[in-house]
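Novice: Please read through the structure below; I'll follow up with questions.
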């Protein structure tokens, strides 16, 4: 069986290792945007090639679709005019390809035409349980138009010197909708039996080959198992591999698992562990002698090695691992142990920020992501003495970045460990990997010579007496309590106390959620897994508004399977003995839940900025960041750290 750093040929590509950086919507720029946006876009992909990977996927390139005038496509991947027909497309793609080639890599154009969002489909039906927009049904003329459009778009990609064209035939794409019996109910030549459902994809592949005009690698991104009632499973995927292999029209298959924002979605959260469907990939992959690429929650080089050694794939795709650590391949090749590699810990803000809040692409554990075009921080010409108060994500990242610039840094942390609220969150079973980043960050601080004083409570007088040039206050936040009576009862505890074991938790538990972040469902999931009977109430229509549709299904499925009860649009008004008095958020209807042993409050947090306010007029250069400024997620804190350190020489 192949090893991780063994050569392989895939179509026109000659690779010297088996790690791939598959297509995804990464980076902060735009292929066809302003010059500045293009520079950000190109730098993101080239940075990973400099870190050792050769085959980079690039962001999705959207196919133009035949919409009527004035129709407004919506949702993930919505694009009417597409990417390929933009007047700058060929020129910009050629420039991107040139930079990728110069860095030693191969470029990919992934062709995407997502179904429900576009909204084109084979039939007037739904592909999943999360979205309910009924799509437009393509007629025969529109299908013929699309087949030609794919081919002509391939010619434009070839003109732009792309090495690979990958057809996105999964993840809510029109091509998958035609393949799946769940979404294809047609009775014409494009529906019914297997060959008819495959017809559109086959014709698109043939159109691409006919139009490309030169040798180019063509691959199919397919779903191993849709894992949804009425969808197709592994046997159907095997038939697809067998058919396209026999026709000799494609060069590789990229395989993953999941349905459209269910459980699992096609971007599986860490609830499922590492590479949960690699074995299935190996079983299905036996249907072809072409290279098979496995993609699906692989963040560890040893896991990738095991996949190859077990014959489960010929190549392994690592997206989130290489978002977090651009030098992942080189660090692995050089023999560095896994604990030395900046870990992806599955926070999924690389997806959530964009999908839920329309914020720029970012990574919680690496604030440089999306800023590659700006380059690394230069070493300072005027070193300063920094005192950082607080050892959570914001404080430790500030300390590390400042030390990397050459500043002299001391960090004070009140607890006997680093991590802040992240260390508390790491106690939850779905967050166990958070501890890996805390450990990695501690080693980073040690290597940089940062003086870390644990168990050190900071007072304003002590801080002033320390004589630092710059003081950074990252003192985090304290638990927020809801507006309800009876919260001083001994069986009413905070989520932190429940996770850390500093307060006893009885058999029947009421979790009160008033936090848009993941904490409430993490606490409920953890307590359910520990054998408690959990009821979770939340004032909103969804349990945690900022946990996006790529991730929410997995934990909701586990909560239901293990017996938890979720009650929407409900708030706590009073705790009275073992009775919780509740009210509907909107109607005000009151009701009671009896027999509760413990009430766990997962109601967010309030900034702890007393030290900053005491120092504000007592020190000439004091800053606050992270939850001490406003309670948000880890990504906000680490990005604020980056921005603060960028200003230290000004």
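Novice: Name the single residue that is surrounded by the most Cβ atoms within 10 Å (Cβ to Cβ) among those in region 345-390 being farther than 25 Å from residue 546 by Cα and at pLDDT 95 or above.
Specialist: Out of the qualifying residues, it is 390.
Novice: Scan region 430-462 for residues that are buried (at least 16 other Cβ atoms within 10 Å of the Cβ) and out of contact with any helix residue (DSSP H, G or I) (no Cβ under 9 Å at 6 or more places or on another chain) and report the count.
Specialist: Adding up the residues that qualify gives 0.
Novice: Spot the failing condition for residue 569; the list is (1) in contact (Cβ under 8 Å) with a residue 40 or more places away in the chain; (2) in contact with a strand residue (DSSP E or B) (Cβ under 7 Å, 6 or more places away or on another chain); (3) closer than 30 Å to residue 351 by Cα, and only one is missed.
Specialist: Failed condition: (1).
Novice: Across region 1-42, which residue is nearest to the chain's Cα centre (by Cα) among those that are crowded, with 21+ Cβ neighbours inside 10 Å and over 30 Å from residue 245 (Cβ atoms)?
Specialist: Of everything passing the filter in region 1-42, 26 is nearest to the chain's Cα centre (by Cα).
Novice: Does residue 559 qualify as being assigned to a helix (DSSP H, G or I), under 23 Å from residue 432 (Cα atoms) and touching a residue at least 12 places away in the same chain (Cβ under 8 Å)? Explain how you work it out, then say what you get.
Specialist: Working: assigned to a helix (DSSP H, G or I): yes; under 23 Å from residue 432 (Cα atoms): yes; touching a residue at least 12 places away in the same chain (Cβ under 8 Å): yes.
It is true that residue 559 is assigned to a helix (DSSP H, G or I), under 23 Å from residue 432 (Cα atoms) and touching a residue at least 12 places away in the same chain (Cβ under 8 Å).
Novice: Here's something else I'd like to know. Need a quick list: strands (runs of 3 or more DSSP E) entirely within region 278-389 having at least 2 residues that are closer than 30 Å to residue 462 by Cβ. Can you show your working first?
Specialist: Details: elements: 292-295, 315-317, 385-389.
Result: 385-389.
Novice: Exactly one of these conditions fails for residue 106: (1) in contact with a strand residue (DSSP E or B) (Cβ under 9 Å, 6 or more places away or on another chain); (2) at pLDDT below 95; (3) closer than 26 Å to residue 92 by Cβ. Give me its number.
Specialist: (2)
Novice: How many residues are more than 28 Å from the chain's Cα centre (by Cα) and more than 11 Å from residue 284 (Cβ to Cβ) if we restrict to region 227-250?
Specialist: Residues that pass the stated criteria total 8.
Novice: Of the residues in region 585-615, how many are without any contact (Cβ under 8 Å) to a residue 60 or more places away in the chain and touching a strand residue (DSSP E or B) at 6+ places or on another chain (Cβ under 6 Å)?
Specialist: Of the residues in region 585-615, 5 are without any contact (Cβ under 8 Å) to a residue 60 or more places away in the chain and touching a strand residue (DSSP E or B) at 6+ places or on another chain (Cβ under 6 Å).
Novice: Now for a separate question. For region 536-558, name all the residues that are surrounded by 21 or more Cβ atoms within 10 Å (Cβ to Cβ) and at pLDDT 95 or above.
Specialist: Passing the criteria: 536, 537, 538.
Novice: With the checklist (1) out of contact with any helix residue (DSSP H, G or I) (no Cβ under 9 Å at 6 or more places or on another chain); (2) touching a residue at least 40 places away in the same chain (Cβ under 8 Å) in hand, flag the one item residue 404 doesn't pass.
Specialist: Every condition holds for residue 404 apart from (1).
Novice: Run down 156, 96, 146, 120 and say which single residue is under 28 Å from the mean Cα position of the chain (by Cα), in the same structural domain as residue 38 (by TED's automatic domain parsing), within 29 Å of residue 55 (Cβ to Cβ) and buried (at least 19 other Cβ atoms within 10 Å of the Cβ). First the steps, then the outcome.
Specialist: Details: 156 fails: under 28 Å from the mean Cα position of the chain (by Cα); 146 fails: under 28 Å from the mean Cα position of the chain (by Cα); 120 fails: within 29 Å of residue 55 (Cβ to Cβ).
Of the residues listed, the single one that is under 28 Å from the mean Cα position of the chain (by Cα), in the same structural domain as residue 38 (by TED's automatic domain parsing), within 29 Å of residue 55 (Cβ to Cβ) and buried (at least 19 other Cβ atoms within 10 Å of the Cβ) is 96.
Novice: Right, here's the next one. When you look at residue 606, is it within 31 Å of the chain's Cα centre (by Cα) and closer than 16 Å to residue 511 by Cα, yes or no?
Specialist: no
Conditions (1) assigned by TED's automatic domain parsing to the domain that holds residue 625; (2) within 27 Å of residue 393 (Cβ to Cβ); (3) touching a helix residue (DSSP H, G or I) at 6+ places or on another chain (Cβ under 6 Å), marked per residue:
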| residue | (1), (2), (3) |
| --- | --- |
| 464 | yes, yes, no |
| 469 | yes, yes, no |
| 474 | yes, yes, yes |
| 485 | no, no, no |
| 502 | no, yes, no |
| 505 | no, yes, yes |
| 508 | no, no, no |
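Novice: Within the group 57, 52, which residue is touching a residue at least 60 places away in the same chain (Cβ under 8 Å), over 30 Å from residue 202 (Cβ atoms) and assigned by TED's automatic domain parsing to the domain that holds residue 30?
Specialist: Numbers: 57 fails: over 30 Å from residue 202 (Cβ atoms).
Within the list 57, 52, the selection yields 52.
Novice: Could you list, in sequence order, the residues of region 145-166 that are farther than 18 Å from residue 203 by Cβ and without any contact (Cβ under 8 Å) to a residue 60 or more places away in the chain?
Specialist: Residue satisfying the conditions is 158 alone.
Novice: Considering only strands (runs of 3 or more DSSP E) fully contained in region 452-554, which possess at least 3 residues that are over 29 Å from the mean Cα position of the chain (by Cα)? Write out each step before concluding.
Specialist: Numbers: elements: 470-473, 477-479, 492-494, 508-513, 533-538.
Here the list reads 470-473, 508-513.
The values are calculated or read from the model by the stated rules, or taken from the named source; none is laboratory data. Computed from a prediction, not measured in an experiment: that's the story for all the values here. Neighbour counts run over all protein chains shown; Cβ positions are idealised from the backbone, glycine included.
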